[in-house]
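Below: the structure, in structure tokens.
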Amino acid sequence: MASKEFHLTIDGQCVPGKGRLEVINPADGRVFAEAPAASSEQLDAAVQAARRAFASWSMRSAEDRKRLVRRLGEAIERHIDSLKRLLTREQGKPLFEAESEIERAVAWCRESATLELPTVVHEDSPERYCVTHRVPIGVVGAIAPWNSPLSLAMWKIAPALLAGNTVVLKPSPFTPLTTLRVGELAQEILPPGVLNVISGDDALGPRMTGHAQIDKISFTGSVATGRRVMQSGAGTLKRLTLELGGNDPAIVLPDADVDRIVPALFWAAFRNSGQVCIAAKRLFVHSQVYEAVAEKLIAFTAGVRMGNGSEEGVQLGPVQNRLQYDRVRRLIEETASAGHRLLTGGRFPEGCGYFIPVTLVDNPPDDAAVVAEEAFGPVLPLLRFNDLDEVVERANSTSYGLGASIWTKDEDAALAIARRLDCGTVWINEAMHVSPLVPFGGHRQSGLGLENGVYGLLEYTNAQTISLRRRAELTT
Ligand code: NAD
């Protein structure tokens, strides 16, 4: 890997950007690196390289592509130490979390390569052989957010390449560096043009989504941007996978073992300082255990260390960027000034880093902004409920539908509630468990299509049916 400089990867080469992007360490608010910014011409060059590479990559055997995607994972694994430090500096998350994110990227390469695309034979008779198989789509534009830049990029790259597509990947301008390094690693493994990595300013994403030579966009980010992606892709009827925001309910039933679940609830809400699409963002607690859960969450919070993620022992880092810091801070300040009681947090340390202490809000009304909006930061409303029909209705009364969790000793009750929740994944007595083998996606405004597992792999393919009339049966 190149040492200090960061480059675009276009057609298997390191290419300097036409422009530059400053990259800020959120722990101190200072610029610590520069990333290349790709011009429109460089985007075109990346797309053309991907298109040229598609001709041969799509014709390789599935086994060959699996081998190379696994090798990409192995190369990332060999560089885990430098990559995790870089990821912490640009993203802010603590080192142990950065390491786990890179391990997930590795796992996605390794395990996605065990998936098989289905082939369905509809008829194999003396008259006809009729089969539907899956073919790659072409050039995939992959657009990733800043909260888990590498692992969420790999959710796209691994299946797209395995299915025979080539890729132009764009990381967020807030967190381009780790992804650019992985592009450099890929140059040693993948044929030129198969994976292009280009960073750039705010104009680059819209150029990709409107690009006539990109066949599919796989996007992870906010609902508002997801809508723009869909509009912009309409002109060329792009295939789309959209993984968008969430406002996930966590529901604690009265029989839950409060002592056992409180640490899990805390991390379900506050891992990566709450900047996880499937973080628990509304904590519904039955009245019988509300006080106990609140008290123990406050106590647990007091023992968690927030700080610069590069320091050993830090458990929570800063919010990733200034815009998000301002947004979450305003949400907390407005919550307090509206008279809703803060159980803990709500005070903001002096200094240049984007630190927001964990803030718990005591039973605000469902229409308060801190409940109704996706905070995407370290603030969580605790919401009291009294019966199951009520909590199911309140949990579902949002335009989002990404995930949910239920916490109870009664598995049957939990399974029955799970079926009534309108969202893509329901976890019971755990949260955020995702796997390269398990489909993941949102209902309603949380997205379109699926990632991961065979369903996710299928999204990188078109169906092609071949119907063969047997010669012997041709009528004269
Ligand atoms: P964002 O929508 O601001 O940006 C996401 C990406 O889109 C970035 O790379 C950005 O540069 C690019 N982009 C911005 N405008 C664009 C446009 N008009 N056309 C094309 N691309 C454009 O999102 P973010 O702030 O980076 O990420 C946070 C959001 O992502 C949260 O809402 C979170 O819930 C969501 N998210 C969802 C998932 C999921 O799997 N469902 C996972 C992680 C994050």
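Just so it is clear, none of the values below were taken in a lab; they were calculated from the coordinates. Quantities reported herein were computed from a predicted structural model and do not represent experimental measurements. Cβ: placed from backbone, ideal geometry, glycine included. Neighbour counts: every protein chain shown.
Total lysine pairs in the chain at Cα distances under 23 Å, for residues eight or more apart or on different chains: 23.
Projecting the Cα atoms of 427, 177, 338 onto the dipole axis of the chain, where Lys and Arg carry +1 and Asp and Glu carry -1 at the beta carbon, places 177 farthest toward the positive end.
Could you tell me the distance between the Cα centroids of the range 238-290 and the range 48-79, to the nearest Å? Spelled out, the Cα-based centre of one part sits 36 Å from the other.
With contacts defined as alpha carbon pairs under 8 Å and 6 or more residues apart, what's the relative contact order of the chain in percent? Walk me through the numbers on the way to the answer.
Numbers: 1104 pairs, mean separation 90.8, N = 476.
For the chain, the relative contact order is 19 percent.
Inverting the pair-averaged 1/r between distinct Cα atoms of the chain gives 23.3 Å as its Kirkwood hydrodynamic radius.
Dipole magnitude of the chain about its Cα centre, charges +1 at Lys/Arg Cβ and -1 at Asp/Glu Cβ only, in debye to the nearest 20?
That gives a dipole near 1500 debye.
So which trypsin sites (Lys or Arg not before Pro) in the range 322-418 are both in a DSSP loop and have at most 15 other Cβ atoms within 10 Å of their Cβ?
Details: sites: 322, 327, 329, 330, 341, 347, 384, 394, 409; in loops: 341, 347, 409.
Listed in order of number, the matching sites are 341, 347, 409.
Computed about its Cα centre, the charge dipole of the range 1-133 is approximately 340 debye, with only Lys, Arg, Asp and Glu carrying charge at their Cβ. With the dipole of the range 1-137 worked out from charges on the C-beta (+1 for Lys and Arg, -1 for Asp and Glu) around the Cα centre, which of 36, 131, 114 lies farthest toward the positive end? Of the listed residues, the answer is 36. Under the combined filter of DSSP loop state and at most 11 neighbouring Cβ atoms within 10 Å, the range 51-154 retains these GluC sites (Glu not before Pro): 116. Angle check, please: helix 95-112 long axis (alpha carbons) against the longest principal axis of the chain (alpha carbons), in degrees 0 to 90, nearest 10. Between helix and principal axis, roughly 30 degrees. Scalar couplings 3J(HN,Hα) for the range 114-131, obtained by applying the Karplus form with A = 6.51, B = -1.76, C = 1.60 to θ = phi - 60°, are 8, 7, 10, 6, x, 10, 10, 8, 8, 8, 9, 10, x, 7, 8, 10, 10, 9 Hz; x denotes Gly and Pro. Each Lys and Arg contributes +1 and each Asp and Glu -1, all at the Cβ; summed about the Cα centre of the range 383-436, the dipole is approximately 160 debye.
For the range 396-476, the extents of the C-alpha atoms along the principal axes are 69, 27, 25 Å, listed from largest to smallest.
Among rounded, prolate and oblate, which fits the range 37-108 when a ≥ b ≥ c are the square roots of the eigenvalues of its C-alpha gyration tensor, a/c under 1.5 means rounded, and a/b larger than b/c means prolate? Walk me through the intermediate numbers first.
Values: a/c = 3.80, a/b = 1.41, b/c = 2.70.
Oblate shape, in that a/c is at least 1.5 and b/c is the bigger or equal ratio.
Per residue of the chain, the DSSP helices (runs of n ≥ 4 H) give a summed -39500 (n - 2.57) that works out to -12000 deg cm²/dmol at 222 nm. The distance from the alpha carbon centre of the range 30-47 to that of the range 447-461 is 28 Å, rounded to a whole number.
Under 5 Å between amide hydrogens, built in the peptide plane, is the criterion, and for residue 462 it picks out 135, 137 among residues at least 5 positions away or on other chains. Calculated over the range 4-150, the projected area of the Cα convex hull averaged across directions stands at 11.6 nm². Here the gap between residue 213 and residue 121, fully extended at 0.36 nm per residue and compared with their Cα-Cα distance, gives a gain of 29.9 nm. A dipole drawn for the chain from +1 and -1 charges on Cβ atoms has a positive end, and of 48, 8, 358 the residue lying farthest that way is 48. Could you pull out the trypsin sites (Lys or Arg not before Pro) across the range 50-114 that fall in loop regions by DSSP (anything but H, G, I, E, B) with no more than 16 other Cβ atoms inside 10 Å? For trypsin sites (Lys or Arg not before Pro) across the range 50-114 that sit outside H, G, I, E and B with at most 16 neighbouring Cβ atoms in 10 Å, the list reads 60.
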